Each structure stands twice: as structure tokens, then as C-alpha cells.
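Chemist: Input: one structure, supplied below.
The values are calculated or read from the model by the stated rules, or taken from the named source; none is laboratory data. Keep in mind that this is a model prediction, so the values were computed, not measured. Virtual Cβ from ideal backbone geometry, glycine too; neighbours counted across all protein chains shown.
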Amino acid sequence: MQFITIYWWRILLCALISYLLGSFSFAVIFTKLSSKKDVREMGSGNAGFTNVLRSVGVVPAIFTFVFDCLKGIIAVLITMWIFNMPFDNAGIEALSEGLRFEFNAYGKYLAGVFCVLGHSFPVFFGFRGGKGITTMAGILLVLNPMPWMLVLTLAVWFAFFLSTKIISVASLACTIAIVVWNFVITFFFVYKPSIGTDVPIRLNYVIVTTVIMFFIGLFVAIMHRDNIKRLIRGEEKKIKAKKA
């Protein structure tokens, strides 16, 4: 409750900004710039990297991937700035350093939640968006910026993609990996080292952030439900990029 009562207006502002940032559907934007068509009326109908790659071409797909990552990163960075604004912060200054760290982390994770929601249900594009995996990956880059985590996540993606040639399989594997990495980082690299120090982090931090990331991952998996059904039936198509 402390988190809500002290940060309430920051939470609302960051949620709104993150949702609006997520609502920029770059799959739609770059497809229209490239072909004057709506990617949601092409291929699988999904406003995401894979459908742009299949239906439009490599270059628009790369731009879609990069900008979908960037909006997740920017949403978290803006939240970090807002949560540390020197305004109406008497309650924040009264918190211990450990609690400030913990509550700042909650804000970043909530920014991730609303950015992914905006990506999947964009207010600017009739609430018809993508599935969120690229934005989720961008968010993780700034939530827990550890190089080995990025390398392992990419390794998981490439391992599953190269063995199946199916992007949805690689994306779902990455979703699971991201949730696991998040727990590993928060527990073994943040919580455990803080025990016995001047700035101890509560176990609540690990539990809350793991639960939030789990539900982001679950949401992304649910958005892939049609892909999962096709995978079960053996009908999911292998990737084949449209030539530019």
C-alpha cells in the first residue's frame, strides 16, 4: 500500500505514457510507408515483426523490430525519470534506500505491462496490434541490463528458430526464457548479494517482480494462442521472408 499511496500520481502518469508509447504500431506504420497497405489485412493479420517479414519484406521488418524494442526501452526510461522527479517527494525521501530501489523497480515493471498492453491493443490503430514479444524483450533490456542475459536470450531464440524455422516457436521459447532470467537476476544478483549489507532488498522484490513478469509472459503466450493451436495441428508455417 505504501507504493500506491506515495507514488499514486506517478503510477497513473507512467501507465498512461507507457500505454500511449506502446500504441505506436510500427508494424502498421512501416508497412504503410513501404507498401501503402495495412499489414493487418495481409498474411496472418498480426501487426508484428513476423508478419511484416513474411508479407512486406526484410527492411520494414527490421525497422519494426528495432522500434518495437525501442518503445519498450523508452517507456521504462521515462518511468525512471518520473519516479525520481524532485516534486511532491516528501514521502519518497522518508523511505529507506532499499524501499526506494524496490518501488522504483515496481514502477519500471508496471511501465512494461502497460507498454505491452498498448502494443497489443493500440488506441491509435483501432485496438488491433501485435503480440508483444519484441516489446517485452526491449523492456527486459532496461529492467535488468546484464550482457549475459541478452546473449542467453538471443541464443535461445536462434537455437529454436534454426532448429524449427518457425518464429512463433522461437518467440514462445524466448518468452519463457525471459521470465526465468528475470527471476534468476532478481534473486541471485540483486536480493542475495544485498543480504547483510547496509541496503538490504526484501524478498518481496523478487516475488512481486517475478509475478509481474510471469503475467506479462502469460499475456504474450495468450496472444500467440492461434500459433499454439497451429503448432499442435502441425500447420504452423516455417518462415519465408518476402523479397523486397
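Chemist: Quick one: Gly98 ticks every box in (1) in a helix (DSSP H, G or I); (2) within 23 Å of Ile17 (Cβ to Cβ); (3) small (Gly, Ala, Ser) except a single one, so which number is it?
Modeler: That leaves (2) as the condition not met.
Chemist: Considering only residues that are part of a helix (DSSP H, G or I) and out of contact with any Phe, Trp or Tyr (no Cβ under 7 Å at 6 or more places or on another chain), look in the range 191-209 and name the one that is farthest from Glu97 (Cα to Cα).
Modeler: Among residues in the range 191-209 that are part of a helix (DSSP H, G or I) and out of contact with any Phe, Trp or Tyr (no Cβ under 7 Å at 6 or more places or on another chain), the one farthest from Glu97 (Cα to Cα) is Ile207.
Chemist: In this structure, does Val184 turn out to be under 21 Å from the mean Cα position of the chain (by Cα), outside any loop (DSSP other than H, G, I, E, B), β-branched (Val, Ile, Thr) and buried (at least 16 other Cβ atoms within 10 Å of the Cβ)?
Modeler: Answer is no for this residue.
Chemist: Mind checking which residues of the range 22-36 are assigned to a helix (DSSP H, G or I) and either free of Cβ contacts under 8 Å to residues at least 40 places away in the same chain or surrounded by fewer than 21 Cβ atoms within 10 Å (Cβ to Cβ) (or both)? Please lay out each step first, then the result.
Modeler: Just the residues of the range 22-36 that are assigned to a helix (DSSP H, G or I), to begin with: 22, 26-35.
Within the range 22-36, Ile29, Phe30, Thr31, Lys32, Leu33, Ser34, Ser35 qualify.
Chemist: Of the conditions (1) modelled with pLDDT under 90; (2) in contact with a helix residue (DSSP H, G or I) (Cβ under 6 Å, 6 or more places away or on another chain); (3) in a helix (DSSP H, G or I), Ile239 satisfies every one except a single condition; which number is it?
Modeler: Of the numbered conditions (1) modelled with pLDDT under 90; (2) in contact with a helix residue (DSSP H, G or I) (Cβ under 6 Å, 6 or more places away or on another chain); (3) in a helix (DSSP H, G or I), the odd one out for Ile239 is (3).
Chemist: Additional query: When the range 79-109 is examined, which residues are found to be surrounded by fewer than 18 Cβ atoms within 10 Å (Cβ to Cβ), in contact with a helix residue (DSSP H, G or I) (Cβ under 8 Å, 6 or more places away or on another chain), in contact (Cβ under 8 Å) with a residue 60 or more places away in the chain and of a type outside the set (A, V, I, L, M, F, W, C)?
Modeler: Scanning the range 79-109 gives Asp88, Gly91, Gly98.
Chemist: Shifting gears a bit: Checking Phe67 against (1) free of Cβ contacts under 8 Å to residues at least 40 places away in the same chain; (2) surrounded by 16 or more Cβ atoms within 10 Å (Cβ to Cβ); (3) in a helix (DSSP H, G or I), only one condition comes out false. Which one?
Modeler: Phe67 satisfies every listed condition except (1).
Chemist: Quick one: would you say Phe215 is of a type in the set (Phe, Trp, Tyr) and farther than 23 Å from Pro60 by Cα?
Modeler: yes
Chemist: Continuing with this model, one more query. Go through the range 25-49 and count every residue that is under 21 Å from Lys238 (Cα atoms) and either aliphatic (A, V, I, L, M) or in contact with a strand residue (DSSP E or B) (Cβ under 9 Å, 6 or more places away or on another chain) (or both).
Modeler: Final tally of qualifying residues: 4.
Chemist: Of the conditions (1) under 22 Å from the mean Cα position of the chain (by Cα); (2) buried (at least 18 other Cβ atoms within 10 Å of the Cβ); (3) over 17 Å from Leu143 (Cα atoms); (4) not small (Gly, Ala, Ser), Val76 fails just one. Which one is it?
Modeler: It fails just one condition, (3).
Chemist: Quick check: anything in the range 115-122 closer than 20 Å to Ala221 by Cα and out of contact with any Phe, Trp or Tyr (no Cβ under 8 Å at 6 or more places or on another chain)? Don't jump to the end; show me each part of the working.
Modeler: Going residue by residue through the range 115-122, those that are closer than 20 Å to Ala221 by Cα are 115-122.
Keeping just the survivors that are out of contact with any Phe, Trp or Tyr (no Cβ under 8 Å at 6 or more places or on another chain) gives 119.
For the range 115-122, residues closer than 20 Å to Ala221 by Cα and out of contact with any Phe, Trp or Tyr (no Cβ under 8 Å at 6 or more places or on another chain): present.
Per-residue answers, yes or no, for (1) within 14 Å of His224 (Cβ to Cβ); (2) among the aromatic types (Phe, Trp, Tyr); (3) at pLDDT 95 or above:
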site: Glu93; (1), (2), (3): no, no, no
site: Gly118; (1), (2), (3): no, no, yes
site: Pro122; (1), (2), (3): no, no, yes
site: Ile133; (1), (2), (3): yes, no, no
site: Asn144; (1), (2), (3): no, no, no
site: Trp148; (1), (2), (3): no, yes, no
site: Phe158; (1), (2), (3): no, yes, no
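Chemist: Then there's this: If I ask for residues that are outside any helix (DSSP H, G or I) and closer than 12 Å to Ser25 by Cβ, which ones from the range 132-175 would you list?
Modeler: Across the range 132-175, the qualifying residue is only Gly132.
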